[in-house]
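Comments concern the structure below.
The values are calculated or read from the model by the stated rules, or taken from the named source; none is laboratory data. Remember, predicted model here, so these are calculated numbers, not experimental data. Every residue, glycine among them, receives a Cβ derived from its backbone with ideal geometry; neighbour counts consider all protein chains shown.
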Amino acid sequence: MHIIAQTRSSGEAAQRVTDITTLTTACVCAYDVDGESPRALVEKNPLARRGVCRGCYVLLEELEVKAAVLTSFREPLEIREFPRPRLGPGELLVRITAAGVCGSDVHMWLGEDPRTPLPMILGHEGVGVVEEIGSPDEKKDIYGRPVRVGDPIIWDRAIVCGTCYFCAVKQLPNMCPSRWVYGIHRGCSEPPHLNGCYAEYIVLVRGTKVVSLADWSELDHALLVSAGCSGATAANAIELADVEIGDNVLIQGVGPLGLYLVAYARARGANRIIAIDGVPARLELAKRLGADILLNLEKTTPEERREAVLSVTHGIGVDAGFEAVGRPEPILEGLQLVRRGGAYVSVGTAVPAGTIPVDVYYHLVLKQVRLQGAWTNDTRHMIQALNVIRREPDVFGSLITHRFPLERANEALEVMRRREAIKAVIEPER
């Protein structure tokens, strides 16, 4: 391949470059490629990215960035192109290497989440590589370690104000009224456009809490995407239930959220962990993470499940129960399986899903049961999720059942909607 490179700022004559490695020192602000677009050149030759001077018209900033865009509910995402953004102070341009397809993404796609603006780029679970740092070129992660171009990172998906009553006094940033989340709250109509992870790049605004993964090079990035959402949210739920050593724990639903609950319960020293689900593959993963009793929802009746729970808890019931299904109906069964003075946490319901008839006297007051909701997480919970992944990389690797390139994002949503996948991941470079 022959490239003609010319430095516009200096007006030097065009010169023919025959070795792509020379682009690490030569400016490629303007060039002609034999029959190929500038975009194709850069995609095939990553070294070209590092060969662009900042003192002139930077061609790479004119290149288009692909993203899968939600334009209408219940309609296929559209692959669109956006201009490569110019960064502001403290911002990061991150090349997405893996984007998790969360159940919440499916709800948004179907128009079931009232927070969804249109058009927008879905995806709030992401891992990527720092491509560019906004001036000043200095960024540190939450541990104070320098973040450099080329470093892999993961980030807290939520941006909070840090100064309101909930952030500053109650230490509940997940309750911040100004909280917004990448891939959920912001559309893509206005610059910098790239606010979600179903894209080749994402722009992380100043104040985003990031964790360098420079020491995680041995792990597949796809394993880590769920740490920022289901893993972190499950950590918050376990914390709210205050699971202790020797507790018996019930987990209804062992998709990604429930599997993390199993892992945390085992890490906290739970005695018996009872998992309920209708998908054998999920139950098998729950067993590998530490579940003792596996109850197939499709092959047992509510009475049989009640008998199984009481038989392993000396007729008392579990100390803590968790709804991780995403529907309110299992809560009624779960409350009846919790012991007197126990706790029950609903963590799976992420969108409006209707109401249930709870008998306040018999289910709550008489038993002095604490019924608790769990909404998202704090940054510390994401760290806990990364820690459990690091302990069980093989098991969490098995959680990733489907991988898709960006162009097949609609297939990724479909396999999650049909519950054919435990976890689907979009890899734009795939």
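Count, please, the residues in the stretch 146-188 that happen to be in a strand (DSSP E or B) and out of contact with any helix residue (DSSP H, G or I) (no Cβ under 9 Å at 6 or more places or on another chain).
Result for the stretch 146-188: 5.
Which one of Val415, Val347 is outside the structural domain of Val210 (by TED's automatic domain parsing) and among the β-branched types (Val, Ile, Thr)?
Within the list Val415, Val347, the selection yields Val347.
If you take the residues in the stretch 134-145 that are modelled with pLDDT of 95 or more and of a type outside the set (D, E, K, R), which one is nearest to Arg206 (Cα to Cα)?
Ile142
Of all residues in the stretch 95-112, how many are crowded, with 20+ Cβ neighbours inside 10 Å, among the hydrophobic types (A, V, I, L, M, F, W, C) and out of contact with any Ser or Thr (no Cβ under 9 Å at 6 or more places or on another chain)?
Within the stretch 95-112, residues that are crowded, with 20+ Cβ neighbours inside 10 Å, among the hydrophobic types (A, V, I, L, M, F, W, C) and out of contact with any Ser or Thr (no Cβ under 9 Å at 6 or more places or on another chain) number 5.
Name every residue in the stretch 202-216 that is more than 15 Å from the chain's Cα centre (by Cα) and either crowded, with 20+ Cβ neighbours inside 10 Å or touching a residue at least 60 places away in the same chain (Cβ under 8 Å) (or both), in order of residue number.
Hits for the stretch 202-216 are Val203, Val205, Arg206, Gly207, Ser212, Leu213, Ala214, Trp216.
Restricting attention to the stretch 217-227, does a residue exist that is more than 13 Å from the chain's Cα centre (by Cα) and not in a loop (DSSP other than H, G, I, E, B)?
Looking only at the stretch 217-227, we keep the residues that are more than 13 Å from the chain's Cα centre (by Cα), and these are 217-220.
Next cut, not in a loop (DSSP other than H, G, I, E, B) only: none.
No, the stretch 217-227 has no match at all.
Go through the residues of the stretch 108-116 one by one and say whether even a single one is modelled with pLDDT under 95 and within 13 Å of Gly196 (Cα to Cα).
Checking the stretch 108-116: at least one residue is modelled with pLDDT under 95 and within 13 Å of Gly196 (Cα to Cα).
Of the conditions (1) surrounded by fewer than 16 Cβ atoms within 10 Å (Cβ to Cβ); (2) of a type in the set (A, V, I, L, M); (3) assigned by TED's automatic domain parsing to the domain that holds Tyr201, Leu366 satisfies every one except a single condition; which number is it?
It fails just one condition, (3).
Can you tell me which residues in the stretch 285-301 are buried (at least 16 other Cβ atoms within 10 Å of the Cβ) and without any contact (Cβ under 8 Å) to a residue 40 or more places away in the chain?
Ala286, Lys287, Gly290, Asp292, Ile293, Leu294, Leu295, Leu297
If I go through the stretch 395-428 residue by residue, how many of them are in a loop (DSSP other than H, G, I, E, B), more than 16 Å from His107 (Cβ to Cβ) and either small (Gly, Ala, Ser) or touching a Lys or Arg at 6+ places or on another chain (Cβ under 8 Å) (or both)?
4
Test Tyr344 against the stated conditions and say whether it is modelled with pLDDT of 95 or more, surrounded by fewer than 20 Cβ atoms within 10 Å (Cβ to Cβ) and of a type in the set (Phe, Trp, Tyr).
No: the conditions fail for Tyr344.
From the residues in the stretch 232-270 that are surrounded by fewer than 24 Cβ atoms within 10 Å (Cβ to Cβ) and at positive phi, which one is nearest to the chain's Cα centre (by Cα)?
For the stretch 232-270, the residue satisfying everything is Asp242.
All but one of (1) among the small types (Gly, Ala, Ser); (2) in the same structural domain as Gly315 (by TED's automatic domain parsing); (3) free of Cβ contacts under 8 Å to residues at least 12 places away in the same chain hold for Ala168; state the number of the condition that does not hold.
So Ala168 meets the others, but not (2).
For Ile251, work out the one condition from (1) in a strand (DSSP E or B); (2) over 18 Å from Leu371 (Cβ atoms) it doesn't fulfil.
The one condition Ile251 does not meet is (2).
Which of (1) part of a loop (DSSP other than H, G, I, E, B); (2) at pLDDT 95 or above does Leu371 not meet, given it meets every other one?
(1)
Counting only residues that are crowded, with 16+ Cβ neighbours inside 10 Å and among the acidic types (Asp, Glu), which one in the stretch 113-141 is nearest to the chain's Cα centre (by Cα)?
Selected residue: Glu125.
Cβ-Cβ distance below 9 Å, separation of 6 or more or different chains: which pairs start in the stretch 253-267 with a residue that is not assigned by TED's automatic domain parsing to the domain that holds Ala291 and end on one that is crowded, with 24+ Cβ neighbours inside 10 Å?
none
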